[in-house]
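Before any comments, here is the structure.
The values are calculated or read from the model by the stated rules, or taken from the named source; none is laboratory data. Predicted, not measured: the structure shown is a model, and the values here were computed from it. When we count neighbours, we look across all protein chains shown, and the Cβ atoms used for this are built from the backbone with ideal geometry, even at glycine. Each accessible area value is taken on the protein alone, full model and side chains, heavy atoms only, with ligands, DNA and RNA left out. Shrake-Rupley method; radii C 1.70, N 1.55, O 1.52, S 1.80 Å.
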Amino acid sequence: EKGGYEHFMLKEIHEQPKVIMDTINSVVKDGQISFESVGLTDDDMREIEQIYIVACGSAYHVGMAAQYVIEELTSLSVRVELASEFRYRKMKLKKDSLVIIISQSGETADSLAALRSAKEQGIKTLGIVNVVGSSIAREADNVFYTLAGPEISVATTKAYSTQLIAGYLLALQFAKAREEISEDKYASLIAEINTIPEKIEKILEDKERIQWFSTKLVGIKDAFFIGRGIDYAISLEGSLKMKEISYIHSEAYAAGELKHGPISLIEDGTVVISVVTQPELYEKTVSNMVEVKSRGAHVMGLTTYGNYAMEDTADFTVYIPKMDPLFAGSLSVIPLQLMGYYVSVGKGFDVDKPRNLAKSVTVE
Ligand code: F6R
């Protein structure tokens, strides 16, 4: 049942190229996205002016990444909210809003409550859901099904990755329906999304290098993840993967926030993992890496092939294939998933069933 892998998590990590392709193919035909199955028409997409993305945990991190992509490609305003906060807030939702609930299980209590509260206020809702026929899938006005298949490992990997794809495709179709993107750009970005599976394969072929680095992390007590923009969203996910299965205290910070407090935690040997895939933000984040290194941090850089100058600063560098920066998160998250996995294995933990956690959180 684990297909020859030692754990479901590793199996699911390896399934990502396939399930991403399946999810793309479910709505992309002949280079065009069709949301007929989702039920969102181009007219709907033209009428919407704000998007609220509401979710918990890793699905919330997907929302963070999707936010940057939607903002880059469209004139929509986007907010990302934790479901457990959203449901108790007194937010003033405008009628021309769309509330997007992202949930693998479709049963997360807070996400379901947030969905119901949006519906009660007469706001249009869209579920990005993996489990067919789940509560959120049944109750949302529209559903985009991710085709990750059953996810057994408590720590999500393949569902997360297909949710990201759903976010990219939504962003692109909003841009198209609203005439905010040229035909050429649209076609080239779809082509780019189609390259994600093979690029993930490439990263997975090189997993021994991550495994080797992970053995060095088995004894650490804290880890910090930093990044800006999409790299920050991915840092949040890398940090969660690390803490939930390796039981290592880890935090993700927007790199620019370091000097507003967290840098005081950096001492000799503190591990800082820095995600740097966005060209516009590259120099800024590297300067933060220099700052922590000068205070004794052990710095890992996660960047794109070609950025070899990273090695002047980082003690260890992991490269991902070149990709349009909008979608680089789909690649940079893979080494971070592997790192969480290998550190947990190295510590002898029950990777697929971390303590105190359940696959689906159906209570508040
Ligand atoms: C982390 C993880 C959780 C879930 C969260 C939401 O690896 O799996 O953080 O992402 O509990 O669950 P769903 O997506 O089922 O609503």
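Values computed for the structure shown
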item	result
Residues whose placed amide H lies under 5 Å from that of Tyr52, excluding near-sequence neighbours	Arg79, Leu98, Val99, Ile100
Efficiency of FRET from Cβ geometry, Glu47 and Thr215, R₀ 41 Å, rounded to 0.05	0.15
Whole-number accessible area per residue in Å² for the chain, which is evaluated in the context of all protein chains at 1.4 Å	41 Å²
Cut-off under 5 Å, modelled amide H: who pairs with Val318 long-range	Gly301, Leu302, Thr303
Amide H partners (placed H, <5 Å) of Ala297, local residues excluded	Gly269
Rg in Å to one decimal, and Dmax rounded to a whole Å, for region 44-170 via C-alpha atoms	13.2, 39
Relative contact order, percent, region 255-361 [alpha-carbon distance under 8 Å, six or more residues apart]	21 percent
Span-like helix ranges in the chain, DSSP H, alpha carbon extent 18 angstrom or more, Kyte mean at least 0.0	57-73, 158-177, 230-246, 329-346
Compactness index (Cα Rg / 2.2 N^0.38 Å), the chain	0.95
Burial ranking of peptide ranges 273-282, 55-64, 193-202 (average Cβ count within 10 Å, highest at the top)	55-64, 273-282, 193-202
Of all accessible heavy-atom area on region 127-280, the percent that carbon and sulfur account for (1.4 Å)	50 percent
